[in-house]
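The values are calculated or read from the model by the stated rules, or taken from the named source; none is laboratory data. Just so it is clear, the structure is predicted and the values come from calculations on it, not from any experiment. Cβ placement follows ideal geometry from the backbone for every residue including glycine, while neighbour counts extend to all protein chains displayed.
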Amino acid sequence: MAKKQKTISLIDTFSEFNELKNIDKATLISVLEESFRSVISKNNGTDENYDIIINPDKGDLEIWRNRVIVEDGELQDPNLEISLSDALKIDRDFEVGEEVTDEVSLDHFGRRTILNLRQTLASKILELEKDNLYNKYKEKVGEVVSGEVYQVWKKELLLLDDEHNELILPRAEQIPTDFYRKGEHARAVVARVENMNNNPRIILSRISPVLLERLFEQEIPEISDGLITIKGIARIPGERAKVSVEAYDDRIDPVGACVGMKGFRIHGIVRELRNENIDVINFTNNTPLYIQRALSPARINSITVREEERRAEVFLNPEEVSLAIGKGGANIKLASMLTGYNIEVFRDIDEVDEEDIYLDEFRDEIDGWVIDQLKRVGCSTAKNVLAMGRERIIREADLEENTVDEVLSILRYEFEEEPEDGSAYADADTEPETGENPATEAEMEAEADTEPEDMYDITEVDAAMEEAMNTEEENGHQPG
């Protein structure tokens, strides 16, 4: 009875492993049998003549040994053979050459062997649990999982799923505005599963575009049913995202279905992603039209697509450039990510300034990557850069202050040296304080120095008047 109680107690112990570690019975039985055979082989040299019977429902464990009957005095290996006299004690009908099967109790192995067996089983079950966890989450890569925040560390969060498995959410994989306390629930996508030294490590992510795609599938029935397909996703986590969708049924409006009545469907996704602004656009195979939609809400005048270079030149009115670029260059960056084209924005100006200079002419003085950054924010000429201003260039072009100061200095110097004859600048420097035109004063002086042709000498006038008076007097004294 004591032997039976020991057997049941041992099986009950491993049943606890089954409940705690979620290992199926068949696997547990296989591990248990393998462990016992390992102990038997170690003690007796072989386990081929042993049968191990395990009943997982009742918790029974039986070990049976098969031995061949030999004549008394010819016994060589007690593990494989049994003498005829001993066999007759079991059953009087046994004869030499037949097999005898007898049950082996756990006491036969000894207390130390049983303890080692228990430790071996615990170790193997733990390894089996780790393998099951690794395989389980390896199949879940790209799926959304939910977990309770168990521990908050500086560089990562420790989450527990429903089965108390440990999940890791690194700080680098969190949205910048994410903030969690212990006990709260977090949703993320399984990014990858690492297995170092047989220790599985499940890494989650909240910044992956796959998370946004899975949330769309969960919130929008048309996508989960296959009526609408997500063709592309571009994200700046926590700030803005663009999603292009396509419907195979012309009767379905894909954008309207994703947004929902008054934005009801998409609001749940926005809240989950910490108020990330999501733009949903219609996909099309027409590349210029696709780029135009990706740059919305900006209105585009014309687009030049260079397929070989995967580059697009977009021309807009000056007031639309800021909309196309977006806050911090977010709109044009997302449009480039979504379409796969390097998009450059140009101001479409009707009146061309003949004195302006294209930035490409400064490549000998300014690094090419700096010019490319300025072009991305809509500055294609020198005067465009000067008109934008220092602070705005630093903010939108993402350039260092020293670089921007150097560029502005080069451009300003170019315009100061531009006139070939310095007449305009010389006139400006010598301009009188009175504000009068110097050329007009010179003309006035010339006119003053030049004597008009119709002016008479004063002496000639006096002589003529005196002669006229004398003539009158003579005429007056003559007799009538």
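Here Y137 fits the description: touching a residue at least 24 places away in the same chain (Cβ under 8 Å), part of a helix (DSSP H, G or I) and surrounded by 13 or more Cβ atoms within 10 Å (Cβ to Cβ).
A quick yes/no check of all residues on (1) hydroxyl-bearing (S, T, Y); (2) over 19 Å from E355 (Cβ atoms); (3) surrounded by 16 or more Cβ atoms within 10 Å (Cβ to Cβ):
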position	(1), (2), (3)
D372	no, yes, no
V385	no, no, yes
I393	no, yes, yes
V404	no, yes, yes
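Screening N43, N135, N66 for residues that are out of contact with any Cys (no Cβ under 8 Å at 6 or more places or on another chain) and under 30 Å from S205 (Cα atoms) leaves exactly one candidate, N135. Inside region 345-357, residues that are modelled with pLDDT of 80 or more, β-branched (V, I, T) and surrounded by fewer than 20 Cβ atoms within 10 Å (Cβ to Cβ) make up a count of 1.
Picking from residues in region 239-275 that are in contact (Cβ under 8 Å) with a residue 40 or more places away in the chain and in a helix (DSSP H, G or I), the one that is surrounded by the most Cβ atoms within 10 Å (Cβ to Cβ) is C258. Only residues that are farther than 20 Å from T284 by Cβ and not hydrophobic (A, V, I, L, M, F, W, C) were counted across region 295-321, and they come to 6. Here is the figure for region 67-93: residues that are under 20 Å from N43 (Cβ atoms) and touching a helix residue (DSSP H, G or I) at 6+ places or on another chain (Cβ under 7 Å) total 1. Within the span defined as region 349-366, every residue fails to be free of Cβ contacts under 8 Å to residues at least 12 places away in the same chain, out of contact with any strand residue (DSSP E or B) (no Cβ under 8 Å at 6 or more places or on another chain) and aromatic (F, W, Y).
Criterion applied to D360, D367 was being more than 27 Å from N286 (Cα to Cα) and modelled with pLDDT of 85 or more, and the one residue passing it is D367.
Residue count for region 168-183 satisfying the condition of being more than 25 Å from R240 (Cβ to Cβ) and at pLDDT 95 or above: 1. The requirement of being assigned to a helix (DSSP H, G or I), of a type in the set (A, V, I, L, M) and more than 30 Å from M337 (Cα to Cα) is fulfilled somewhere in region 127-134, by at least one residue.
When the residues of region 40-79 are filtered to those that are of a type in the set (A, V, I, L, M, F, W, C) and more than 17 Å from S105 (Cα to Cα), the one that is surrounded by the most Cβ atoms within 10 Å (Cβ to Cβ) is I69. Considering the conditions (1) assigned to a helix (DSSP H, G or I); (2) in contact with a strand residue (DSSP E or B) (Cβ under 8 Å, 6 or more places away or on another chain), L117 is excluded by exactly one of them, (2). Considering only residues in region 87-102 that are touching a residue at least 12 places away in the same chain (Cβ under 8 Å) and not in a strand (DSSP E or B), the one that is surrounded by the most Cβ atoms within 10 Å (Cβ to Cβ) turns out to be A87. Contact annotation: residue pairs with Cβ atoms under 8 Å, 6 or more positions apart or on different chains, pairing a residue in region 184-205 that is free of Cβ contacts under 8 Å to residues at least 40 places away in the same chain and more than 15 Å from A172 (Cβ to Cβ) with a partner that is assigned to a strand (DSSP E or B) and among the small types (G, A, S), are H185/S146; H185/G147.
Can you confirm whether region 305-323 contains a residue that is part of a helix (DSSP H, G or I), β-branched (V, I, T) and either modelled with pLDDT of 95 or more or surrounded by 14 or more Cβ atoms within 10 Å (Cβ to Cβ) (or both)? Yes, that holds for at least one residue.
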